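The values are calculated or read from the model by the stated rules, or taken from the named source; none is laboratory data. Computed from a predicted model, the values in this text were never measured in an experiment. Quick reminder, even Gly has a Cβ in these numbers, built from the backbone with ideal geometry, and neighbours come from all protein chains shown. SASA here: full protein model, heavy atoms, side chains in, ligands and nucleic acids out. Shrake-Rupley method; radii C 1.70, N 1.55, O 1.52, S 1.80 Å.
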Amino acid sequence: MTTTGLKILVVDDVGANRNLIGAYLKRLGHRAILAEDGEKALVAFKAERPDLCIVDLMMPVMDGFDTTRHIRQMTGDSWVPVIILSALNDEENLVKALSCGADDFLNKPISFPVFEAKMRTFSRLLGQHRGLEHSLDMVRSITDGLIDGVVTINKQGIIQRVNPKVKTLFGFDEAELIGQNVSILMPEPYAAEHDSYLARYFANGASYAVGCAREVTGRRKDGSTFPVELGVWEIQMDGETLFIGSLRD
């Protein structure tokens, strides 16, 4: 997907409104997918996988709040912006729409300059987001092909990602590790002490593990232990501190 020519799902029970927004979008170089209520919108979303959704708030069959909730459930980890469209511009509805997963709010009657500005902004943001996703996919492909095991944890020590080699080394499936404390891969007493290592690191910045390679003891799923060469690096991503561990038997 480029920053122009987006597929945009437009959901409004009033045909004149749908056609007007569709004409606006065509003028801006985008393609409109039109739906007259929330249920038809979900069918169209599943079939077309649009880049962005514009959803009217007050509709029969399924209103904009429920439609937005369902779209959020269908997108999973992907980001598909949802702009709520309504003549009800009171604070209560705005807050409710945002809490349902909407990203922005557009008032009726539509101002074309405002509409154009919002489309330009979301086109740019989507381009940046897709670029980041592409870069992350490349990194994942590289780490998945490494002969070393790679484990990524957050600052609380919770495993965020592992590459396939980790299963070869430790015997755990990826699903068994994601969301677990990395101490699951360590025997005692190291497992019980690991969180305190992290706490000391963030307290004074000193660590004998980050930025160097050393030999440690790993614990397999069956409870057996083995020597592991471990290298740990700290990175910053989206304002979050992550640690990447490279492990070799």
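For this structure, a couple of remarks:
- Residue in region 161-172 that is of a type in the set (S, T, N, Q), in a loop (DSSP other than H, G, I, E, B) and within 19 Å of G223 (Cα to Cα) present: no
- Looking only at residues in region 222-249 that are more than 25 Å from the chain's Cα centre (by Cα) and in a loop (DSSP other than H, G, I, E, B), the one that is surrounded by the most Cβ atoms within 10 Å (Cβ to Cβ) is D249.
- Checked across region 170-183, the condition of being of a type in the set (G, A, S), open to solvent by less than 60 Å² (accessible area, probe 1.4 Å), at pLDDT 90 or above and under 19 Å from V232 (Cβ atoms) holds for at least one residue.
- Remark: pairs (first residue in region 216-235, more than 19 Å from I153 (Cα to Cα); second residue of a type in the set (S, T, N, Q) and assigned to a strand (DSSP E or B); Cβ separation under 7 Å; 6+ apart in sequence or on different chains) = T225/T217; P227/T217.
- Entry remark, region 1-43: residues being within 22 Å of the chain's Cα centre (by Cα) and not in a loop (DSSP other than H, G, I, E, B) number 4 in total.
- Checked against (1) open to solvent by 60 Å² or more (accessible area, probe 1.4 Å); (2) assigned to a helix (DSSP H, G or I); (3) closer than 22 Å to A23 by Cα, A117 meets all criteria but (1).
- For beta carbons closer than 7 Å, sequence separation of 6+ or different chains, a first residue in region 44-64 that is on the phi > 0 side of the Ramachandran plot and a second that is open to solvent by less than 60 Å² (accessible area, probe 1.4 Å), the qualifying pairs are V61/D37; V61/G38.
- Filter result (open to solvent by 40 Å² or more (accessible area, probe 1.4 Å) and either part of a loop (DSSP other than H, G, I, E, B) or within 12 Å of L52 (Cβ to Cβ) (or both)) within region 70-103: G76, D77, S78, W79, A87, L88, N89, D90, D103
- Condition broken by R219, with the remaining ones in (1) closer than 18 Å to E240 by Cα; (2) in contact with a Phe, Trp or Tyr (Cβ under 8 Å, 6 or more places away or on another chain) satisfied: (1)
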